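Peer 1: Provided herewith is a single structure, encoded as C-alpha cells, for subsequent inquiry.
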Amino acid sequence: MTRFTFILIASAMLASADATASLRQTCERSTGISKATLLEAARFKSLRGIPRAAARAAAADNLYKAGKETVYGWDGARWEFDAIYTMTFDNAGRVLTEVGVDYEDFHTRTSNTYDENGMLTFKLEEGSEDGENYENSSKTERTYDSRVTNLITSNREYFWMDSEWLLNGNNYNRNITRNEDGNVTLTEIAVWYDGKYDPTDRIYVTYGDDGNANSIKETVLTYDGKTFRWADGLTIANIVWKNTDGQITSIEGFGIGANRIKECDQIDDGVTAHTVITYDGNNFTSVTTASDAGENFEGITVFEQLDDFGSYRQKSTYTYTLENGEEPPYVETDEIVIRYDSYGNLLESKHVATYDDEEETLEDLQGVVEYDPEYGYPLTYTLSSGYYVEYLDKYVTENIMKVEYSDYVDVKSGVAGVAGNEAETEYYNLQGVRVSNPAAGGIYIRRQGGQTSKFIAR
C-alpha cells in the first residue's frame with residue numbers, strides 16, 4: 001500500500017523535461033563501474049523537475065557562467081585528469097556549444113538549439129580524432145506542448161551509423177487531448193515498437209460541474225504471455241483541490257506545482273485509500289489511510305522546502321497493523337534530503353530507509369563547492385559518496401569526481417573576464433577617474449572583467 005503515498009507526492013520530483021546535466025560522468029578508467037553508477041544517480045537527482053527549476057530560478061540573476069570546466073576522476077589514491085570542456089552560452093545562460101577533449105585527446109562537440117520558451121529542441125553530438133574533422137555521433141530532437149510549454153510531446157534519439165541516422169534509445173510521443181475549455185482529458189504515451197509508435201499508457205481525466213477534475217484514471221498496456229491487453233492502474237477519485245489549472249498530464253505529483261490536491265480517494269487493485277494533504281506555504285503533510293484483508297495502513301509524508309534553490313527534505317512513515325492485534329505494528333520510514341547551492345550544484349543527496357528499526361543508507365552523495373572569496377562564484381566542485389563496506393563493517397567515504405571552473409563570462413553582455421580568471425584589476429576613484437596606485441584608506445571602485453565592487457585600500 002505504500003504506493004499510494006508515493007504516487008501523490010514523491011514521484012513529482014522525478015519528472016523533468018528540461019534535462020541539462022550539472023554533473024559529468026567520468027570514464028570507467030578513473031571511476032570504475034560502481035562509481036559510474038553513483039555518478040548517474042547524482043546526475044539523475046540534479047535533473048529532478050521541481051528542484052532543478054527552482055535552482056534555475058534562484059540563479060536567474062547569476063548570469064556569469066564558467067566557460068571552461070576541467071573534470072577529474074578519483075583512481076582510489078589521487079585525482080586523474082579525465083576531460084576539459086569549453087562552453088559558449090546564449091544571453092540567458094543556456095549552453096549553445098560544448099567542446100570537450102578527454103585524457104586520450106579525443107574531441108567531442110555538442111551543439112544545442114532552444115525554442116522561444118528556453119526548452120531544448122535539438123542536440124547534435126559529434127566526435128573527432130584531431131579536433132578539426134568532426135563526424136556525427138548522436139542527436140536528439142524534441143517538441144513541446146503549446147500550453148504546458150516544458151512538457152515534451154515527442155522525443156527522438158538517433159545514432160549515426162553507415163552514413164545515416166538510426167533511431168536509438170528513448171523515443172516516444174505524448175499525445176494530449178483537451179476539451180472545449182482547454183482542460184486535458186487524455187494523455188497517451190506511445191513508444192516506438194515494431195516500426196510504429198504504439199500506445200502503452202493512457203491517463204483519462206474527467207471533470208465535474210465546477211469545471212475541475214473529479215477523477216484521474218491510468219490504464220497500462222500489459223502482456224500476459226499470449227496477448228496484449230489494457231489493464232487498470234491507479235484511479236484518483238472524489239478529488240478536492242487546493243489549486244488546479246486543468247493541465248493534468250500525469251498520475252503523479254499532486255502535492256506540489258499547479259495541481260495540488262487537498263483530499264481524495266486512491267483506488268488500486270481493488271483497495272481504496274483515503275488521502276488528506278495539509279499545506280503550509282510550499283510545505284505540506286500528507287496522511288493516507290487504508291484497510292485491506294484485516295490489515296490497516298497509515299502513511300504520513302512530510303515535505304519541507306529548505307531554501308529557495310530547490311533544496312528539500314521529504315520523510316515518509318508507513319505503519320501496518322493487524323486488526324486482530326495479534327502482532328505489534330510494523331513501521332517503515334523513508335527519508336530523502338536534497339540540497340543545492342544557488343548555482344544548481346548538488347550539495348547533498350541522501351536517502352535513508354528503516355525497516356522495523358533496521359536502518360539502511362540507500363544513497364549518500366556529498367558535494368563540496370569552493371567559491372571565489374571576492375566574487376562568490378564556484379571555482380571547484382568535488383563529489384564524494386558514502387557507503388557501508390560489509391567486510392570491513394564500517395561506513396566509508398570515497399571521492400568520485402572533481403570539476404574546476406574557470407574562464408567566467410557575463411553571458412548577458414558577452415564580456416569575458418570575471419571570477420576565476422586572470423583579468424586585469426582596475427581601480428577608479430569615486431569621481432570615475434582611473435588610478436594606478438590606490439592610496440591606503442581611500443575608497444575606490446574596483447573592476448575586474450565584468451564585475452565591479454567598492455574597495456577600501458589597505
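The values are calculated or read from the model by the stated rules, or taken from the named source; none is laboratory data. These numbers were taken from a predicted model, which means no experiment stands behind them. For neighbour counting, all protein chains shown are included, and Cβ atoms are generated from backbone atoms with ideal geometry for every residue, glycine included. Protein only, heavy atoms only, side chains kept; ligands, DNA and RNA dropped before computing areas. Shrake-Rupley method; radii C 1.70, N 1.55, O 1.52, S 1.80 Å.
Peer 1: So, in the range 105-119, exactly how many residues are in contact (Cβ under 8 Å) with a residue 60 or more places away in the chain and either assigned to a strand (DSSP E or B) or out of contact with any strand residue (DSSP E or B) (no Cβ under 9 Å at 6 or more places or on another chain) (or both)?
Peer 2: Qualifying residue count, the range 105-119: 1.
Peer 1: Taking the range 139-157, which residues are hydroxyl-bearing (S, T, Y) and either open to solvent by less than 30 Å² (accessible area, probe 1.4 Å) or assigned to a strand (DSSP E or B) (or both)?
Peer 2: Within the range 139-157, T140, T143, Y144, T153, S154 qualify.
One line per residue, one yes/no per condition, for (1) more than 26 Å from Y64 (Cα to Cα); (2) of a type outside the set (S, T, Y); (3) open to solvent by less than 10 Å² (accessible area, probe 1.4 Å):
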site: R313; (1), (2), (3): yes, yes, no
site: P328; (1), (2), (3): yes, yes, no
site: L347; (1), (2), (3): no, yes, no
site: Y355; (1), (2), (3): yes, no, no
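Peer 1: Which residue out of T333, T288 is in contact with a helix residue (DSSP H, G or I) (Cβ under 6 Å, 6 or more places away or on another chain) and at pLDDT 90 or above?
Peer 2: T288
Peer 1: Residues in the range 120-138: is at least one aromatic (F, W, Y), in a strand (DSSP E or B) and open to solvent by less than 40 Å² (accessible area, probe 1.4 Å)?
Peer 2: So far as the range 120-138 goes, no, none of its residues is aromatic (F, W, Y), in a strand (DSSP E or B) and open to solvent by less than 40 Å² (accessible area, probe 1.4 Å).
Peer 1: Here's something else I'd like to know. Counting only residues that are surrounded by fewer than 17 Cβ atoms within 10 Å (Cβ to Cβ) and assigned to a loop (DSSP other than H, G, I, E, B), how many does the range 166-181 have?
Peer 2: Matching residues across the range 166-181 total 6.
Peer 1: Taking the range 243-273, which residues are in contact with a helix residue (DSSP H, G or I) (Cβ under 8 Å, 6 or more places away or on another chain), open to solvent by less than 20 Å² (accessible area, probe 1.4 Å) and among the β-branched types (V, I, T)?
Peer 2: Selection gives I251, I261.
Peer 1: Please work out which one of (1) outside any loop (DSSP other than H, G, I, E, B); (2) closer than 27 Å to F303 by Cβ; (3) modelled with pLDDT under 90 is the condition G257 fails and give its number.
Peer 2: (1)
Peer 1: Let me ask another. Residues in the range 187-196 that are open to solvent by 60 Å² or more (accessible area, probe 1.4 Å) and either at pLDDT 95 or above or touching a Ser or Thr at 6+ places or on another chain (Cβ under 9 Å) (or both): how many?
Peer 2: The qualifying residues number 1.
Peer 1: Right, next: Only residues that are of a type in the set (D, E, K, R) and at positive phi: list them for the range 361-395, please.
Peer 2: D393, the sole residue that qualifies.
Peer 1: How many residues are out of contact with any Phe, Trp or Tyr (no Cβ under 8 Å at 6 or more places or on another chain), assigned to a loop (DSSP other than H, G, I, E, B) and acidic (D, E) when one looks only at the range 308-355?
Peer 2: 4
Peer 1: Among the residues in the range 335-351, are any under 22 Å from G255 (Cα atoms) and more than 20 Å from the chain's Cα centre (by Cα)?
Peer 2: Of the residues in the range 335-351, the ones under 22 Å from G255 (Cα atoms) are 335-340, 349-351.
This time we only want the ones that are more than 20 Å from the chain's Cα centre (by Cα), so: none.
No - not one qualifying residue is present in the range 335-351.
Peer 1: If we keep just the residues of the range 291-306 that are outside any strand (DSSP E or B) and either more than 30 Å from V369 (Cβ to Cβ) or at pLDDT below 90 (or both), which is most open to solvent (accessible area, probe 1.4 Å)? Steps first, please.
Peer 2: So in the range 291-306, the residues outside any strand (DSSP E or B) come out as 293-294, 306.
Next, only the ones that are either more than 30 Å from V369 (Cβ to Cβ) or at pLDDT below 90 (or both) stay: 293-294.
Numbers: A293: 101, G294: 31 Å².
It comes out as A293.
Peer 1: G225: of a type outside the set (D, E), part of a loop (DSSP other than H, G, I, E, B) and modelled with pLDDT under 95, yes or no?
Peer 2: Judged against the criteria, G225 is a match.
Peer 1: Further question: I need the full set of residues from the range 86-104 which are assigned to a strand (DSSP E or B) and either hydrophobic (A, V, I, L, M, F, W, C) or open to solvent by less than 40 Å² (accessible area, probe 1.4 Å) (or both), in order please.
Peer 2: M87, F89, V95, L96, E98, V99, G100, V101
Peer 1: Another question, then. Say we look at the range 197-221 and pick out the residues that are open to solvent by 60 Å² or more (accessible area, probe 1.4 Å) and not in a strand (DSSP E or B); which of these is farthest from D245 (Cα to Cα)?
Peer 2: Checking each candidate, the answer is D209.
Peer 1: Here's another thing I want to ask about it. Would you mention how many residues in the range 357-368 are open to solvent by 20 Å² or more (accessible area, probe 1.4 Å) and over 20 Å from V389 (Cβ atoms)?
Peer 2: Residues meeting the conditions: 2.
Peer 1: Which of the following residues is within 29 Å of G299 (Cβ to Cβ) and open to solvent by less than 50 Å² (accessible area, probe 1.4 Å): V240, V276, V184?
Peer 2: Working: V240 fails: open to solvent by less than 50 Å² (accessible area, probe 1.4 Å); V276 fails: open to solvent by less than 50 Å² (accessible area, probe 1.4 Å).
That would be V184, the only listed residue that is within 29 Å of G299 (Cβ to Cβ) and open to solvent by less than 50 Å² (accessible area, probe 1.4 Å).
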